[in-house]
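Data first, discussion second: the structure below is written as structure tokens.
Please treat every number below as a calculation from the coordinates, not as lab data. Fair warning: this is a prediction, and the values are worked out from it, not measured in the lab. Every residue, glycine among them, receives a Cβ derived from its backbone with ideal geometry; neighbour counts consider all protein chains shown.
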Amino acid sequence: MSSRGLRLSLRQRLLYQLAALLAQEWQAALGLALHLYAWATRTTHRGLYDILEYDSTLELHDPQGQRATFHKRQRVRFRQDHILAFQDYAWGDGDILAEYRCSPGVAVDRYQEGDRWNILISLRETKRKGDITEFLIERTVQDGFTQVEEWQQAEIRHPTCHLRLAVVFPLERPCRRATLQARSRHHTQVLGADHFQILPDGRQQVVWETHQARDLEIYTLRWRW
């Protein structure tokens with residue numbers, strides 16, 4: 001091979017190496033840019049508030065499951081100024097809004113969207129960024145838990161620090177088996193004895209909780225009784 005051919009071959013190899021190096025650098029830069037965009041989007045559009053504590057307890061009043069009450073407690077930190085309302089959600093079988101009470105605020109409107117009801121709560125005051133409010137909600141359900149296998153759900157629509165789901169069973173009909181399902185991960189956890197408690201009045205309670213609730217996840221507590 002001539003000296004000119006050797007110079008061309010060496011030049012081509014150098015160009016190939018430089019192109020490969022630039023491609024790697026561009027891929028790294030693109031990956032970093034996408035990561036930063038995802039982070040900025042997530043932090044910018046996280047909604048009106050964070051949920052510091054989300055506690056939902058379902059109390060079954062009779063062994064037939066004809067009457068039940070949801071006791072929901074949500075401790076919320078607002079992320080924006082000039083907040084006038086809070087939104088609650090409900091879904092399930094039976095008459096899911098037979099009775100509805102909340103504090104603070106007043107339930108001023110409700111509408112159905114698909115299989116779910118949206119309840120608009122007027123706060124009767126203006127909230128500012130950083131304000132923390134604890135909402136207490138009681139909702140009575142008629143003929144909603146009449147099957148051998150039943151469930152309750154929580155959907156994580158806002159960043160949630162602590163989630164707790166519980167079911168209190170009547171004395172005459174305790175829980176036989178319970179599982180916790182996380183829909184997006186297709187994961188099912190069988191709840192062991194440490195999730196079963198006996199209350200002072202003798203009723204049984206099944207509890208599951210987490211400090212790592214995932215955004216947009218749907219958690220389902222299922223049981224057989």
* Backbone HN-Hα couplings from phi across the range 89-96 [Karplus 6.51/-1.76/1.60, Hz, Gly and Pro as x] -> 10, 8, 7, x, 9, x, 8, 7
* Could I have the simple spin-label model distance between Gln142 and Arg77, label points 7 Å from Cα toward Cβ, reported in nm to one decimal? => 4.2
* Asked: Between Glu113 and His61, what is the spin-label point distance in nm, taking each point 7 Å from the Cα along the Cα→C-beta axis?
  -> 3.0
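Work out the FRET efficiency for Ile198 and Arg224 from their Cβ-Cβ distance, taking R0 = 22 Å, and round it to the nearest 0.05.
With a Förster radius of 22 Å, E is 0.75.
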* So how far apart, in nm, are the two label points at Glu53 and Thr179 if each is 7 Å from Cα heading toward Cβ? -> 3.1
* Structure fact -> Output ordering of 81-91, 159-169 (per-residue mean of other Cβ within 10 Å, highest first) is 159-169, 81-91
* Just subtract the alpha-carbon distance of His187 and Glu99 from 0.36 nm times their residue separation and send over the number in nm, one decimal. => 28.3 nm
